[in-house]
1. Does at least one position in the stretch 56-77 carry a residue that is loosely packed, with under 12 Cβ neighbours inside 10 Å, of a type in the set (Asp, Glu) and within 30 Å of the chain's Cα centre (by Cα)?
2. Whether any residue in the stretch 23-46 is open to solvent by less than 90 Å² (accessible area, probe 1.4 Å), among the aliphatic types (A, V, I, L, M) and in contact (Cβ under 8 Å) with a residue 40 or more places away in the chain is what I want to check.
3. I'm trying to understand the selection: among the residues of the stretch 81-99, which are open to solvent by less than 50 Å² (accessible area, probe 1.4 Å) and either modelled with pLDDT of 80 or more or at positive phi (or both)?
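The values are calculated or read from the model by the stated rules, or taken from the named source; none is laboratory data. From a predicted model like this one, the values you see are computed outputs, not experimental measurements. Here the Cβ positions follow ideal geometry from the backbone for every residue, glycine too, while neighbour counts run over all protein chains shown. Calculation scope for accessible area: heavy atoms of the full protein, side chains included, ligands and nucleic acids excluded. Shrake-Rupley method; radii C 1.70, N 1.55, O 1.52, S 1.80 Å.
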Amino acid sequence: MLDVDEAYHRGHEQGLTEGRERSLDALSLALADCRQEMRASQQHEAALRREILDGLVPVLHAIVDLLAPRTQQSRLREALATEMTRLAEHAPDQAIVLRCPADLRPDLMDSLERARFPQAQVEDALPGQPTVQMVAGQGTIVFDPALVVGGLKTLIDDILTED
């Protein structure tokens with residue numbers, strides 16, 4: 001009878017060992033499959049993100065291009081008014097020369113009136129120069145509305161490169 005019990009226990013232990021090995025093999029295969037599926041999913045996700053950004057960036061650039069002209073003039077008007085008010089307070093006798101494109105002249109004259117800066121002389125900017133220049137003594141301040149648009153587009157482009 002001892003042989004039967006011993007054979008039973010040996011068979012049981014051998015069965016457990018073989019079962020564990022099969023379970024470990026099956027688990028290893030399942031983990032390897034899971035890792036491959038995760039890698040494929042991550043690659044698919046990255047490709048989708050690139051595709052979305054490739055489509056979104058031109059749309060965002062177009063929005064900036066459409067909205068920029070509307071906001072540029074108000075920002076320019078505000079910046080000019082701030083600088084002229086500052087000059088009027090700190091150097092009221094300083095003569096200044098303002099150069100701007102012809103289409104900005106009405107806004108510039110309006111800013112000059114609000115700042116109460118009678119010593120300002122307004123000149124036309126050089127052809128093709130979209131900026132406004134304020135020259136006072138040895139200093140020149142350049143207001144370039146395109147810098148804001150360029151900065152926004154650079155930020156948008158950075159979104160693409162962060163990925």
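1. No; the residues of the stretch 56-77 include none that is loosely packed, with under 12 Cβ neighbours inside 10 Å, of a type in the set (Asp, Glu) and within 30 Å of the chain's Cα centre (by Cα).
2. yes
3. Answer for the stretch 81-99, where residues must be open to solvent by less than 50 Å² (accessible area, probe 1.4 Å) and either modelled with pLDDT of 80 or more or at positive phi (or both): Glu83, Ile96, Val97, Leu98.
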